Amino acid sequence: MNATILKFGGSSFLHPKDYGRIAGHLADRLAAGEHKIVAVVSAMSGTTCNLKAVMLDVNKQASPSNLDGALATGEMLSASLLEAAISRLGIPAISLNGYSLGIRTNSDFGRASIKSVDPTPILAALQEHHVVVAAGAQAIDQSGRLTFLGRNSSDLSAIAIASMLGEHTCEIYSDVPGVYTADPYLVAGAQLIPEISYRAMLQMSRHGAKVLHHRAVHYAETHNVTIVCKSLTSDGVITGTIVTGHGNARSVTVAREIPVFSCATLEECDNLCALLARHDINAIRVEDGHGVVICIVSDIDFALRLVALSDTVPVFIGSKNVVTELDSSVLRVHVVGDYDRAIALARQIHERMYPAAVGAPSR
Ligand SMILES: Nc1ncnc2c1ncn2[C@@H]1O[C@H](COP(=O)(O)OP(=O)(O)O)[C@@H](O)[C@H]1O
Ligand SMILES: N[C@@H](CC(=O)OP(=O)(O)O)C(=O)O
(Lines give C-alpha, C1' and ligand atoms only; values in the text may rest on other atoms or scores of the structure.)
(Ligands and ions follow the chains in the order given, each with its own letter.)
Protein backbone atom coordinates (compact mmCIF):
# COMPACT_ATOMS: atom_id res chain seq x y z
CA MET A 1 0.00 0.00 0.00
CA ASN A 2 1.37 3.43 -0.96
CA ALA A 3 1.51 5.91 1.89
CA THR A 4 3.04 9.34 2.41
CA ILE A 5 5.10 9.61 5.59
CA LEU A 6 5.32 13.04 7.22
CA LYS A 7 6.80 14.08 10.55
CA PHE A 8 5.83 17.20 12.52
CA GLY A 9 8.11 18.14 15.41
CA GLY A 10 7.45 20.10 18.57
CA SER A 11 8.21 23.34 16.70
CA SER A 12 5.05 22.69 14.61
CA PHE A 13 2.93 22.59 17.78
CA LEU A 14 3.44 25.78 19.73
CA HIS A 15 -0.31 26.29 20.43
CA PRO A 16 -3.30 23.90 20.47
CA LYS A 17 -4.65 25.63 17.36
CA ASP A 18 -1.63 24.31 15.43
CA TYR A 19 -3.26 20.86 15.41
CA GLY A 20 -6.04 22.32 13.25
CA ARG A 21 -3.46 23.94 10.96
CA ILE A 22 -1.60 20.65 10.41
CA ALA A 23 -4.89 18.76 9.98
CA GLY A 24 -5.81 21.30 7.26
CA HIS A 25 -2.53 20.58 5.47
CA LEU A 26 -3.19 16.83 5.59
CA ALA A 27 -6.73 17.39 4.26
CA ASP A 28 -5.32 19.46 1.36
CA ARG A 29 -2.91 16.69 0.47
CA LEU A 30 -5.62 14.04 0.48
CA ALA A 31 -7.78 16.33 -1.67
CA ALA A 32 -4.84 16.72 -4.05
CA GLY A 33 -4.83 12.96 -4.62
CA GLU A 34 -2.61 11.44 -1.97
CA HIS A 35 -4.10 8.16 -0.94
CA LYS A 36 -2.97 7.40 2.63
CA ILE A 37 -0.88 9.40 5.09
CA VAL A 38 1.09 8.46 8.19
CA ALA A 39 1.79 11.59 10.27
CA VAL A 40 4.41 11.11 12.99
CA VAL A 41 4.26 13.71 15.75
CA SER A 42 6.38 14.97 18.61
CA ALA A 43 5.12 16.46 21.83
CA MET A 44 4.14 20.13 21.85
CA SER A 45 7.12 22.42 22.18
CA GLY A 46 8.46 22.43 25.75
CA THR A 47 6.31 19.49 26.92
CA THR A 48 9.08 16.89 27.20
CA CYS A 49 11.22 19.18 29.39
CA ASN A 50 8.21 19.91 31.60
CA LEU A 51 7.37 16.22 31.98
CA LYS A 52 10.96 15.46 32.92
CA ALA A 53 11.02 18.25 35.50
CA VAL A 54 7.75 17.09 37.07
CA MET A 55 8.94 13.49 37.27
CA LEU A 56 12.25 14.44 38.87
CA ASP A 57 10.40 16.70 41.29
CA VAL A 58 8.34 13.73 42.44
CA ASN A 59 11.35 11.42 42.59
CA LYS A 60 14.90 12.50 41.72
CA GLN A 61 15.86 8.83 41.56
CA ALA A 62 12.97 7.79 39.28
CA SER A 63 14.05 4.71 37.34
CA PRO A 64 14.89 5.18 33.63
CA SER A 65 11.91 3.01 32.60
CA ASN A 66 9.61 5.02 34.87
CA LEU A 67 10.91 8.23 33.28
CA ASP A 68 10.41 6.84 29.76
CA GLY A 69 6.78 6.06 30.56
CA ALA A 70 6.26 9.68 31.61
CA LEU A 71 8.13 11.30 28.71
CA ALA A 72 6.27 9.25 26.10
CA THR A 73 2.94 10.73 27.26
CA GLY A 74 3.89 14.04 25.59
CA GLU A 75 3.84 12.43 22.15
CA MET A 76 0.77 10.33 23.04
CA LEU A 77 -1.22 13.46 23.85
CA SER A 78 0.03 15.17 20.71
CA ALA A 79 -1.05 12.21 18.55
CA SER A 80 -4.50 12.18 20.15
CA LEU A 81 -4.88 15.93 19.54
CA LEU A 82 -3.95 15.61 15.88
CA GLU A 83 -6.36 12.68 15.50
CA ALA A 84 -9.08 14.88 17.00
CA ALA A 85 -8.28 17.79 14.65
CA ILE A 86 -8.32 15.52 11.57
CA SER A 87 -11.54 13.77 12.63
CA ARG A 88 -13.15 17.17 13.04
CA LEU A 89 -12.66 17.69 9.30
CA GLY A 90 -14.60 14.47 8.65
CA ILE A 91 -11.50 12.49 7.65
CA PRO A 92 -11.17 8.94 9.06
CA ALA A 93 -8.10 9.00 11.31
CA ILE A 94 -6.64 6.97 14.16
CA SER A 95 -3.65 7.50 16.44
CA LEU A 96 -1.22 4.80 17.52
CA ASN A 97 1.40 4.97 20.26
CA GLY A 98 4.48 3.03 21.28
CA TYR A 99 2.38 0.04 22.38
CA SER A 100 0.75 -0.39 18.98
CA LEU A 101 3.25 0.89 16.38
CA GLY A 102 5.01 -2.40 15.74
CA ILE A 103 8.46 -1.06 16.73
CA ARG A 104 10.51 -3.15 19.20
CA THR A 105 13.66 -1.90 20.91
CA ASN A 106 16.22 -3.12 23.39
CA SER A 107 15.76 -2.08 27.03
CA ASP A 108 18.20 0.85 27.05
CA PHE A 109 15.64 3.11 28.66
CA GLY A 110 16.16 6.78 27.91
CA ARG A 111 17.59 6.09 24.48
CA ALA A 112 16.47 2.69 23.31
CA SER A 113 17.67 1.23 20.00
CA ILE A 114 15.32 -0.23 17.41
CA LYS A 115 15.72 -4.01 17.12
CA SER A 116 12.78 -5.02 14.92
CA VAL A 117 9.82 -3.56 13.09
CA ASP A 118 6.51 -5.12 12.07
CA PRO A 119 4.36 -3.13 9.62
CA THR A 120 1.19 -5.15 10.31
CA PRO A 121 -0.44 -2.80 12.88
CA ILE A 122 0.11 0.36 10.82
CA LEU A 123 -1.00 -1.36 7.60
CA ALA A 124 -4.16 -2.59 9.33
CA ALA A 125 -4.86 0.92 10.60
CA LEU A 126 -4.30 2.35 7.09
CA GLN A 127 -6.85 -0.11 5.65
CA GLU A 128 -9.56 1.50 7.78
CA HIS A 129 -8.40 5.14 7.88
CA HIS A 130 -7.05 7.78 5.52
CA VAL A 131 -4.62 9.08 8.12
CA VAL A 132 -2.69 7.22 10.81
CA VAL A 133 -1.12 9.49 13.42
CA ALA A 134 1.92 7.93 15.11
CA ALA A 135 3.29 9.10 18.45
CA GLY A 136 7.01 9.64 17.85
CA ALA A 137 10.07 8.83 19.94
CA GLN A 138 8.60 5.66 21.51
CA ALA A 139 8.29 1.92 21.14
CA ILE A 140 8.21 -1.15 23.38
CA ASP A 141 10.97 -3.50 24.49
CA GLN A 142 10.94 -7.29 24.19
CA SER A 143 8.84 -7.61 27.34
CA GLY A 144 6.29 -5.03 26.23
CA ARG A 145 7.49 -2.12 28.36
CA LEU A 146 7.36 1.36 26.86
CA THR A 147 10.73 2.75 25.75
CA PHE A 148 11.77 6.28 24.75
CA LEU A 149 14.11 6.51 21.74
CA GLY A 150 15.88 9.65 23.05
CA ARG A 151 15.48 13.41 22.95
CA ASN A 152 14.39 14.73 19.54
CA SER A 153 14.04 11.16 18.26
CA SER A 154 10.62 11.42 16.56
CA ASP A 155 12.63 11.88 13.35
CA LEU A 156 13.91 8.34 13.91
CA SER A 157 10.36 7.01 14.38
CA ALA A 158 9.33 8.62 11.11
CA ILE A 159 12.23 7.12 9.15
CA ALA A 160 11.68 3.68 10.72
CA ILE A 161 7.98 3.82 9.77
CA ALA A 162 8.77 4.91 6.19
CA SER A 163 11.24 2.06 5.89
CA MET A 164 8.96 -0.61 7.37
CA LEU A 165 6.18 0.41 4.95
CA GLY A 166 8.57 0.15 2.01
CA GLU A 167 8.51 3.90 1.32
CA HIS A 168 11.68 5.54 0.05
CA THR A 169 10.93 9.10 1.13
CA CYS A 170 10.09 10.72 4.45
CA GLU A 171 9.21 14.43 4.81
CA ILE A 172 10.32 16.04 8.06
CA TYR A 173 8.69 19.40 8.90
CA SER A 174 9.97 21.92 11.43
CA ASP A 175 10.14 25.70 11.86
CA VAL A 176 12.96 26.15 9.31
CA PRO A 177 12.66 25.65 5.52
CA GLY A 178 15.45 23.06 5.52
CA VAL A 179 19.01 22.39 6.60
CA TYR A 180 21.23 25.49 6.55
CA THR A 181 24.98 26.02 6.63
CA ALA A 182 24.45 27.13 10.26
CA ASP A 183 21.43 27.49 12.54
CA PRO A 184 19.59 30.29 10.67
CA TYR A 185 18.28 31.68 13.95
CA LEU A 186 21.82 32.21 15.20
CA VAL A 187 23.73 33.09 12.03
CA ALA A 188 22.02 35.64 9.79
CA GLY A 189 23.96 34.71 6.65
CA ALA A 190 23.20 30.97 6.87
CA GLN A 191 22.45 29.40 3.47
CA LEU A 192 19.85 26.75 2.68
CA ILE A 193 21.57 23.53 1.54
CA PRO A 194 19.48 22.08 -1.32
CA GLU A 195 21.01 18.59 -1.22
CA ILE A 196 23.33 16.96 1.30
CA SER A 197 24.73 13.47 1.71
CA TYR A 198 23.81 11.29 4.67
CA ARG A 199 27.46 11.33 5.78
CA ALA A 200 27.74 15.13 5.84
CA MET A 201 24.32 15.49 7.50
CA LEU A 202 25.23 12.89 10.11
CA GLN A 203 28.28 14.93 11.11
CA MET A 204 26.20 18.10 11.38
CA SER A 205 23.50 16.37 13.46
CA ARG A 206 26.03 14.73 15.76
CA HIS A 207 27.59 18.14 16.44
CA GLY A 208 24.43 20.03 17.28
CA ALA A 209 22.33 20.66 14.13
CA LYS A 210 19.18 19.44 15.84
CA VAL A 211 16.99 20.06 12.78
CA LEU A 212 17.54 16.33 12.01
CA HIS A 213 18.31 13.67 14.60
CA HIS A 214 21.61 11.87 14.03
CA ARG A 215 20.20 8.39 14.54
CA ALA A 216 17.40 9.16 12.08
CA VAL A 217 19.97 10.17 9.46
CA HIS A 218 21.93 6.98 10.07
CA TYR A 219 18.78 4.81 9.89
CA ALA A 220 17.78 6.58 6.67
CA GLU A 221 21.16 5.83 5.12
CA THR A 222 21.20 2.17 6.08
CA HIS A 223 17.56 1.65 5.03
CA ASN A 224 17.74 3.73 1.86
CA VAL A 225 15.17 6.39 2.80
CA THR A 226 15.54 9.87 1.31
CA ILE A 227 14.78 12.63 3.83
CA VAL A 228 13.08 15.80 2.67
CA CYS A 229 13.51 18.44 5.37
CA LYS A 230 11.22 21.46 5.04
CA SER A 231 8.66 23.70 6.73
CA LEU A 232 4.96 23.95 6.02
CA THR A 233 5.20 27.59 4.99
CA SER A 234 7.87 26.73 2.41
CA ASP A 235 5.56 24.35 0.52
CA GLY A 236 5.51 25.23 -3.14
CA VAL A 237 8.09 27.98 -2.72
CA ILE A 238 11.24 26.26 -1.50
CA THR A 239 11.72 22.53 -1.89
CA GLY A 240 13.71 22.31 1.34
CA THR A 241 16.73 20.08 1.79
CA ILE A 242 17.05 16.60 0.35
CA VAL A 243 19.24 14.26 2.36
CA THR A 244 20.40 11.50 0.10
CA GLY A 245 23.57 9.94 -1.33
CA HIS A 246 25.19 13.14 -2.61
CA GLY A 247 25.96 16.71 -1.75
CA ASN A 248 28.16 18.52 0.66
CA ALA A 249 28.41 21.97 2.19
CA ARG A 250 30.75 23.63 4.60
CA SER A 251 28.87 24.36 7.81
CA VAL A 252 29.15 25.52 11.41
CA THR A 253 27.26 23.98 14.32
CA VAL A 254 26.82 25.10 17.90
CA ALA A 255 26.05 22.58 20.64
CA ARG A 256 24.89 24.31 23.82
CA GLU A 257 25.53 23.36 27.47
CA ILE A 258 27.67 20.34 26.78
CA PRO A 259 28.93 18.46 29.85
CA VAL A 260 32.72 18.35 30.04
CA PHE A 261 34.70 15.76 32.03
CA SER A 262 38.36 15.32 32.84
CA CYS A 263 39.91 11.92 33.63
CA ALA A 264 42.77 11.13 35.98
CA THR A 265 44.80 9.34 33.31
CA LEU A 266 44.92 9.06 29.53
CA GLU A 267 43.96 5.42 29.84
CA GLU A 268 40.78 6.39 31.69
CA CYS A 269 40.06 8.90 28.92
CA ASP A 270 40.47 6.16 26.31
CA ASN A 271 38.19 3.80 28.23
CA LEU A 272 35.49 6.40 28.65
CA CYS A 273 35.64 7.39 24.97
CA ALA A 274 35.46 3.73 23.95
CA LEU A 275 32.43 3.14 26.20
CA LEU A 276 30.60 6.16 24.74
CA ALA A 277 31.54 5.22 21.16
CA ARG A 278 30.17 1.70 21.72
CA HIS A 279 26.84 3.36 22.51
CA ASP A 280 27.02 5.64 19.45
CA ILE A 281 27.45 8.77 21.56
CA ASN A 282 29.44 11.64 20.13
CA ALA A 283 32.18 12.41 22.66
CA ILE A 284 34.99 14.76 21.65
CA ARG A 285 38.45 14.79 23.22
CA VAL A 286 40.08 18.18 23.39
CA GLU A 287 43.11 19.71 25.05
CA ASP A 288 42.34 22.55 27.42
CA GLY A 289 43.72 24.07 30.64
CA HIS A 290 42.80 20.85 32.50
CA GLY A 291 44.76 18.63 30.09
CA VAL A 292 42.65 16.30 27.95
CA VAL A 293 38.93 16.70 28.53
CA ILE A 294 35.90 14.90 27.07
CA CYS A 295 32.86 16.80 25.81
CA ILE A 296 29.65 14.76 25.46
CA VAL A 297 27.87 16.28 22.49
CA SER A 298 24.97 13.91 21.75
CA ASP A 299 22.40 11.90 23.77
CA ILE A 300 23.46 13.74 26.91
CA ASP A 301 21.07 12.32 29.55
CA PHE A 302 21.71 8.76 28.42
CA ALA A 303 25.47 9.35 28.26
CA LEU A 304 25.56 10.82 31.77
CA ARG A 305 23.92 7.67 33.09
CA LEU A 306 26.53 5.51 31.35
CA VAL A 307 29.31 7.67 32.82
CA ALA A 308 27.84 7.38 36.31
CA LEU A 309 27.71 3.58 36.00
CA SER A 310 31.18 3.20 34.47
CA ASP A 311 34.27 1.91 36.33
CA THR A 312 36.19 5.10 35.67
CA VAL A 313 34.98 8.12 37.60
CA PRO A 314 35.72 11.20 35.50
CA VAL A 315 35.45 14.61 37.13
CA PHE A 316 32.68 16.88 35.86
CA ILE A 317 34.27 20.24 35.22
CA GLY A 318 31.22 22.14 34.00
CA SER A 319 29.01 22.77 30.99
CA LYS A 320 30.49 24.44 27.92
CA ASN A 321 29.52 25.19 24.35
CA VAL A 322 31.00 23.38 21.40
CA VAL A 323 31.37 25.15 18.05
CA THR A 324 32.28 22.84 15.17
CA GLU A 325 33.50 23.78 11.70
CA LEU A 326 32.63 21.07 9.22
CA ASP A 327 34.13 20.67 5.80
CA SER A 328 34.29 17.58 3.62
CA SER A 329 37.69 16.64 4.92
CA VAL A 330 38.14 18.80 8.03
CA LEU A 331 36.34 18.90 11.33
CA ARG A 332 37.57 21.57 13.73
CA VAL A 333 36.15 21.81 17.26
CA HIS A 334 36.22 24.84 19.59
CA VAL A 335 35.15 24.58 23.23
CA VAL A 336 33.86 27.91 24.50
CA GLY A 337 32.73 28.66 28.07
CA ASP A 338 30.40 31.55 27.35
CA TYR A 339 27.39 30.96 25.06
CA ASP A 340 27.39 34.48 23.57
CA ARG A 341 31.06 34.10 22.71
CA ALA A 342 30.31 30.74 21.10
CA ILE A 343 27.65 32.37 18.89
CA ALA A 344 30.03 35.19 17.99
CA LEU A 345 32.67 32.64 17.01
CA ALA A 346 30.19 30.66 14.91
CA ARG A 347 29.20 33.86 13.07
CA GLN A 348 32.83 34.73 12.47
CA ILE A 349 33.64 31.26 11.11
CA HIS A 350 30.55 31.32 8.90
CA GLU A 351 31.46 34.74 7.52
CA ARG A 352 34.87 33.40 6.63
CA MET A 353 33.27 30.39 4.87
CA TYR A 354 30.62 32.44 3.02
CA PRO A 355 31.90 36.03 2.76
CA ALA A 356 29.06 37.36 0.59
CA ALA A 357 26.20 35.59 2.36
CA VAL A 358 22.90 37.42 2.80
CA GLY A 359 20.28 37.03 5.56
CA ALA A 360 18.34 33.87 6.42
CA PRO A 361 14.94 33.74 8.18
CA SER A 362 14.56 35.26 11.61
CA ARG A 363 12.29 33.92 14.33
N1 LIG B 1 22.07 23.78 10.37
C2 LIG B 1 20.80 23.99 10.75
N3 LIG B 1 19.84 24.18 9.82
C4 LIG B 1 18.56 24.40 10.19
N5 LIG B 1 18.14 24.43 11.49
C6 LIG B 1 19.06 24.23 12.45
C7 LIG B 1 20.43 24.01 12.13
N8 LIG B 1 21.11 23.85 13.30
C9 LIG B 1 20.23 23.96 14.29
N10 LIG B 1 18.98 24.19 13.80
C11 LIG B 1 17.79 24.37 14.65
O12 LIG B 1 16.92 23.28 14.45
C13 LIG B 1 15.62 23.75 14.80
C14 LIG B 1 14.61 22.77 14.28
O15 LIG B 1 14.77 21.56 14.98
P16 LIG B 1 13.80 21.20 16.19
O17 LIG B 1 13.64 22.38 17.10
O18 LIG B 1 14.24 19.92 16.80
O19 LIG B 1 12.44 21.03 15.37
P20 LIG B 1 11.25 20.06 15.71
O21 LIG B 1 10.82 20.37 17.11
O22 LIG B 1 10.22 20.43 14.69
O23 LIG B 1 11.78 18.68 15.55
C24 LIG B 1 15.56 25.13 14.20
O25 LIG B 1 14.64 25.95 14.88
C26 LIG B 1 16.99 25.63 14.33
O27 LIG B 1 17.11 26.51 15.43
N1 LIG C 1 9.47 15.64 22.22
C2 LIG C 1 10.69 14.88 22.30
C3 LIG C 1 10.99 14.10 21.05
C4 LIG C 1 11.19 14.85 19.77
O5 LIG C 1 11.44 14.21 18.80
O6 LIG C 1 11.14 16.18 19.71
P7 LIG C 1 11.28 17.11 18.35
O8 LIG C 1 10.72 16.33 17.18
O9 LIG C 1 10.44 18.31 18.65
O10 LIG C 1 12.71 17.44 18.14
C11 LIG C 1 11.86 15.71 22.79
O12 LIG C 1 11.74 16.90 23.05
O13 LIG C 1 12.91 15.15 22.95
Taking only protein heavy atoms into account and a 1.4 Å probe, give the accessible area per residue of region 3-115 in Å². 44
Any lysines whose Cα falls less than 25 Å from that of K210, other than same-chain ones fewer than 8 residues away, would be K7, K17, K52, K115, K230, K320
If R₀ is 35 angstrom, what is the calculated FRET efficiency for the pair T222 and A344, using the beta carbon separation as r and rounding to 0.05? 0.40
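In a shell of Cβ-Cβ distance under 13 Å around E167, excluding E167 itself, what net charge do Lys and Arg (+1) and Asp and Glu (-1) give?
Result for the neighbourhood of E167: 0.
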Pull the list of the chain cysteines that no other Cys approaches to under 4.7 Å, Cβ to Cβ. C49, C170, C229, C273, C295
Using the Cα centre as the reference, give the magnitude of the dipole from point charges on the C-beta atoms of region 167-254 (Lys, Arg: +1; Asp, Glu: -1; all else neutral), rounded to the nearest 20 debye. 320
Output needed for the chain: three equivalent-ellipsoid semi-axes, defined as square roots of 5 times the C-alpha gyration tensor eigenvalues, in descending order, whole Å. 33, 26, 18
So for the chain, taking the charge dipole from beta-carbon charges (+1 Lys/Arg, -1 Asp/Glu), which of L81, A344, G46 sits furthest toward the positive end? L81
Could you give the dipole magnitude of region 251-353 about its Cα centre, charging the beta-carbon of Lys and Arg +1 and that of Asp and Glu -1, in debye to the nearest 20? 240
Would you mind telling me the antiparallel percentage of the DSSP bridges in the chain, rounded to 5? 55
V336 neighbourhood, Cβ < 14 Å, K/R = +1, D/E = -1, net charge 0
Quick one: helix 17-31 against the long Cα principal axis of the chain, what's the angle to the nearest 10°, folded into 0 to 90? 60
Which one of L272, T324, S262 has its Cα pushed farthest toward the positive end of the charge dipole of region 251-353, where Lys and Arg give +1 and Asp and Glu give -1 at the Cβ? T324
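At 0.36 nm per residue, and after removing the present C-alpha to C-alpha distance, how many nm does the segment from A274 to L309 gain when stretched out fully?
11.2 nm
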Which whole-number value in Å² is the accessible area per residue of region 251-353, probe 1.4 Å? 50
About the Cα centre of the chain, how large is the charge dipole given +1 on each Lys and Arg Cβ and -1 on each Asp and Glu Cβ? Please answer in debye to the nearest 20. 360
Relative to the chain, whose Cα atoms define the longest principal axis, helix 300-309 and its Cα axis are tilted in degrees, nearest 10, by 60
Can you tell me the orientation of helix 266-278 relative to the chain, as the angle in degrees between its alpha-carbon axis and the longest Cα principal axis, to the nearest 10? 10
State log₁₀ I(q)/I(0) for region 275-339 at q = 0.15, 0.23, 0.25, 0.29 Å⁻¹ as given by the Debye formula over alpha-carbon point scatterers of equal weight, solvent excluded. -0.52, -1.15, -1.28, -1.46
Relative contact order %, the chain, counting alpha carbon pairs below 8 Å whose residues are six or more apart: 15
Carbon plus sulfur, as percent of the 1.4 Å-probe accessible area of the chain, comes to 52
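The values are calculated or read from the model by the stated rules, or taken from the named source; none is laboratory data. Remember, predicted model here, so these are calculated numbers, not experimental data. Cβ: placed from backbone, ideal geometry, glycine included. Neighbour counts: every protein chain shown. All accessible areas refer to the heavy atoms of the entire protein, side chains included, with ligands and DNA or RNA removed. Shrake-Rupley method; radii C 1.70, N 1.55, O 1.52, S 1.80 Å.
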